[in-house]
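Accompanying notes for the structure given below.
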Amino acid sequence: MKTSIKYIVAIFAMALTFVSCSNDDETTVNELDGITKFKEITNDTHTIELYSHMGSLEQGYNEISLRIKDNTTDKYIKNAEVSWSPLMHMAMMTHSCPYSAVEKVTENGTLYEGYIMFQMAQNDTEYWDLKIDYTINGVDYTATDVIDVPASAKRKVNTFTGSDGVKYLVAYIEPHHPKVALNDMKVGVWKMQNMMTFPVVDGYTVKIDPRMPSMGNHTSPNNVHAIQTLAGGLYDGKLSLTMTGYWKINLQLADAEGTILKGEEITETVTASSIFFEIEF
């Protein structure tokens, strides 16, 4: 009888172990749903895996996730404090770009995430690298490597000096997959404080006027200009797309008092704004 009880207990323990392992595997799989690894950055102690929805980066706004793997145990770190610093290397200078803090996605998970908005693409002589600093159990680590940032196929970033003398950066974020509908739209607005600092601009309005140049430059109904719902955050609006094809989303940037800092209203004689996004689907 004692042998039977011991046997049952052993089987139960094995079952719990199997379930626990399965749950860990399932958590890892679920964490990576919808994102694809595109880069590994290594140092002597860790491998940092970088992920995105596209499985790559491009000029413009990029949502980036990362995991940190211990090179000795092959286990992923769940308690790191992480920050990053993107840097563009040019012939005569270096500069950074707008980027967010890096946050843990879930308390017990292994993913950390944030965004980087690359206002320039790489070329034959100019390139981006990404430095990642992190702390684990009070010990500081760092890792740096070159990253690929090719030009976007359509215009997703506008960099300009406003009528107030401030240099602004306005980037397209969503919809990722536009459709014939009233789409949720998201836009980012930053200013250049110096070559390394690009804070979010608060309290402005990004006015939108989508047009189809190949179809008589017609617009669409029910668009909603993009505004902030939270200081320090991105801008949300509504983008109405009435048919598939090429759209130019004409923009105007207005400050908190409503003064237009850049961009033109579309009229019979003004067919496009000097700042705009492009999409085609």
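Residue ranking by accessible heavy-atom surface, 1.4 Å probe, largest first, among Arg155, Arg67 comes out as Arg155, Arg67. Within the range 130-176, the percentage of alpha carbon pairs spaced more than 16 angstrom apart rounds to 67%.
Structural size metrics of the chain, computed from C-alpha coordinates, are Rg and Dmax of 23.5, 95 Å. Where only DSSP H runs of four or more residues are counted, the chain gives -4000 deg cm²/dmol as its mean residue ellipticity at 222 nm, each run worth -39500 (n - 2.57).
Ligands, DNA and RNA left out, the accessible area of the range 131-212 computed with a 1.4 Å probe is 49% carbon and sulfur. From the alpha carbon centroid of the range 234-281 to that of the range 66-82 is 43 Å. Around the amide H of Thr42, modelled in the peptide plane, lie the amide H atoms of Ile48, all under 5 Å away and 5 or more residues distant in sequence or on another chain. For the range 72-115, the carbon plus sulfur part of the accessible surface works out to 51%, probe radius 1.4 Å. Report the calculated FRET efficiency for Val166 and Asp74 (r = Cβ-Cβ distance, R0 = 45 Å), to the nearest 0.05. My answer for the efficiency is 0.40. Computed 3J(HN,Hα) for the range 65-73, one whole-Hz value per residue from the Karplus formula 6.51 cos²θ - 1.76 cosθ + 1.60 where θ = phi - 60°, is 10, 9, 10, 10, 10, 6, 5, 7, 9, glycine and proline marked x.
A probe of 1.4 angstrom, applied to the heavy atoms of all protein chains, finds Phe276 with accessible area near 30 square angstrom. Cross-linked pairs Lys179/Lys238; Lys191/Lys238; Lys167/Lys238; Lys78/Lys104; Lys179/Lys262; Lys69/Lys104: Cα-Cα separations exceed 18 Å for Lys191/Lys238; Lys167/Lys238; Lys179/Lys262.
The values are calculated or read from the model by the stated rules, or taken from the named source; none is laboratory data. Here the structure is a predicted model, which means the values were calculated and not measured. Quick reminder, even Gly has a Cβ in these numbers, built from the backbone with ideal geometry, and neighbours come from all protein chains shown. Just so you know, the surface numbers come from the protein's heavy atoms only, side chains and all, with ligands and any DNA or RNA stripped out. Shrake-Rupley method; radii C 1.70, N 1.55, O 1.52, S 1.80 Å.
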